[in-house]
Amino acid sequence: MTTRRSISIAAWSLLLPVALWVTSLPDNTVSAENKKTVLEHADQIEGGEVASPSGAVTPYRSAVGNVKFLHGETILQCDRATDWPDSERIDLTGHIIIKDKTLETRGDRGVYHTGREAGELWGNFRGRVIDDSLTVKSARATFDQKKNELWLFDDAVAWQLGRQLSGDSIRVQVREIAGKKRVDEIQVFGHAFLAVRDTLSSSPALYDQLSGRQLTANLDNNSRLRKVIAIKKARSLYHIYDEKNQPSGVNLTSGDRIRMFFVDGKLDRILTTGGALGKEYPNSMRNDPEINLPGFRLRDKEKPIFEQR
């Protein structure tokens, strides 16, 4: 039978000095990674026995109300957290924030695995790379702090420096550059779409576009596009200028694979292979929304705003 009990932080401190909730990793873990999970604050602590995610009847501990944990350099905040000692797992619900020096993620429900330093969040997921300009949203996401990797699932969108990427799922890879973590590569799967603000146009704003079943974007050390590849039913639309940077038309290209190359963040050349077809629109149609690629939709109003909790 499941039993539950609820006691105050003050009472819990009789069992755990200074009201610290400590979970150690296995003894054979490398000492540098042997991090403890420390409960810094909660309004209330509950405990008892219940069937854990592994199926065994096991003790549990729940922190409730304004919960804040520290796990190494990672901060976990939520409305309620339940610790499962037999699985190195913490279940989180309500106003979740998981943040380290690289990545900040937020959601309504989630799981954090202390041993793997990885987790999953559901419900109105929002995230950002702190040293970069990348902001993301989706219905669900997984993250791995050791691999510096973030996966977005179900209507995923990412915004960064005048560009928007969207698709069924998105993988973000981060690497350290000059002591800071920046986005190195972004992969988009399923209904992949990239819209990049045309910096030579002023009003109205125009966007170069690239779509396909799959898209891979590589970035330079300043978070600017270096190369983008779209495969499987790839299409591109970009605005053409003459040698004096005066608008001269719009190019539409399709093929099995389209590669875009950038110099200092500006489109330099395009290569199309496999059944390549092209079409050029006159300059008079530059502002005509009918020439946009299927699926083009700016979603800036959905871009998350991160406020301190």
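Remark on the range 191-309: ratio of C-alpha radius of gyration to 2.2 N^0.38 Å is 1.11. Go through 181/233; 68/180; 181/303; 68/301; 146/266 and tell me which ones have a Cα-Cα distance over 28 Å in this structure. Flagged as over cut-off: 181/233; 68/301; 146/266. A full extension of the chain between residue 221 and residue 266 corresponds to an added length of 14.7 nm, given 0.36 nm per residue minus the alpha carbon distance. For the range 176-240, the fraction of C-alpha pairs farther apart than 14 angstrom is 62 percent. Expressed as a fraction of 2.2 N^0.38 Å, the value expected for a compact globular protein of N residues, the C-alpha radius of gyration of the chain is 1.23.
Using Cβ point charges alone (K and R +1, D and E -1), the dipole size of the chain about the Cα centre works out to roughly 540 debye. On a per residue basis, the chain carries 51 Å² of accessible surface, using protein heavy atoms and a 1.4 Å probe. A Förster radius of 22 Å, combined with the Cβ-Cβ distance separating residue 242 from residue 298, puts the computed FRET efficiency at roughly 0.20.
Here the accessible area is traced with a 1.4 Å probe on the protein chains. For the chain, carbon and sulfur cover 49 percent of it.
Per q in 0.14, 0.18 1/Å, what log10 I(q)/I(0) does a Debye calculation on the alpha-carbon atoms of the range 33-182 return? With one equal scatterer per Cα and no solvent, log10 I(q)/I(0) is -0.68, -1.05.
Over the residues of the chain, the helix contribution to mean residue ellipticity at 222 nm works out to 0 deg cm²/dmol, using -39500 (n - 2.57) for each DSSP H run of at least 4.
Scaled against the 2.2 N^0.38 Å expected of a compact globular protein of N residues, the Cα radius of gyration of the range 105-228 reads 1.07.
Per residue, the average separation of C-alpha pairs within less than 8 Å and at least 6 apart gives the chain a relative contact order of 8 percent.
The values are calculated or read from the model by the stated rules, or taken from the named source; none is laboratory data. The shown structure was predicted, so the numbers you read here are calculated from the model rather than taken from an experiment. Neighbour counts run over all protein chains shown; Cβ positions are idealised from the backbone, glycine included. Ligands, DNA and RNA are excluded from the accessible area calculation, which covers all protein heavy atoms including side chains. Shrake-Rupley method; radii C 1.70, N 1.55, O 1.52, S 1.80 Å.
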